[in-house]
Amino acid sequence: MKMEINGQEEALLYNFKEDTQLQAVRMALFLAQVQCRIVSKEEYVVPLKMLAGDETIPPAAVYGGQELDGQMIVFAGLGEDKLESVLSLLRANPACGKIPYKAVLTQTNQNWNGITLFKELQKEHAAIHQPGV
């Protein structure tokens, strides 16, 4: 179930460091007419709904820990067809690379921060890719 914040379609990009890949991902989002926000490491503790809502981030919410172990995209406000379109664009361009962690903003995760969501996605990936499953 999609969750809309301010009625806009947006992607939150976590841990995108390489310029060529970032430009390719941004171009795919642009072609799909999806706004994008590059989430700085310091913002990893900010609730997803605040980042997607482009609210003013309180100065006390600053993360000083380690970088995430991979890249993550969180989609907000996209319907199923639009999401499939964006994912197809990302897969179609090799310069976008493999982005291991993708999620959709939901009622369940809207109050989570990027670190919490990332850990949850890691658990899901481990369970899915577990031998014998």
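Just a few scattered comments:
- Using the 1.4 Å probe convention, the accessible area of the stretch 17-133 works out to 58 Å² per residue with neighbouring protein chains retained.
- Count of Lys pairs (Cα-Cα under 17 Å; at least 8 positions apart or interchain) in the chain: 12
- In the stretch 58-105 the Cα-Cα distances spread across 10 Å bins starting at 0 as 20, 41, 26, 13 percent of all pairs.
- A straight chain from GLU120 to GLN23 at 0.36 nm per residue would run longer than the Cα-Cα distance by 32.2 nm.
- Computed 3J(HN,Hα) for the stretch 111-126, one whole-Hz value per residue from the Karplus formula 6.51 cos²θ - 1.76 cosθ + 1.60 where θ = phi - 60°, is 8, 6, 9, x, 5, 4, 4, 4, 5, 5, 5, 4, 4, 5, 4, 4, glycine and proline marked x.
- Between ALA92 and TYR63, the contour length at 0.36 nm per residue exceeds the Cα-Cα span by 7.1 nm.
- Shown in residue order for the stretch 80-91 are the 3J(HN,Hα) couplings computed by the Karplus curve 6.51 cos²θ - 1.76 cosθ + 1.60 at θ = phi - 60°: 4, 5, 5, 4, 4, 4, 5, 4, 5, 4, 5, 5 Hz (x for Gly and Pro).
- Of all DSSP beta bridges in the chain, antiparallel share, percent nearest 5: 45
- 4 °C / 1.567 mPa s Stokes-Einstein diffusion coefficient of the chain, Kirkwood radius on C-alpha pairs, µm²/s: 85
- According to the Kirkwood relation over distinct C-alpha pairs, the hydrodynamic radius of the stretch 79-133 is 13.2 Å.
- Apportionment of accessible area to carbon and sulfur, the chain, percent (1.4 Å): 51
The values are calculated or read from the model by the stated rules, or taken from the named source; none is laboratory data. These numbers were taken from a predicted model, which means no experiment stands behind them. Keep in mind that these areas ignore ligands, DNA and RNA; they rest on the heavy atoms of the full protein, side chains included. Shrake-Rupley method; radii C 1.70, N 1.55, O 1.52, S 1.80 Å.
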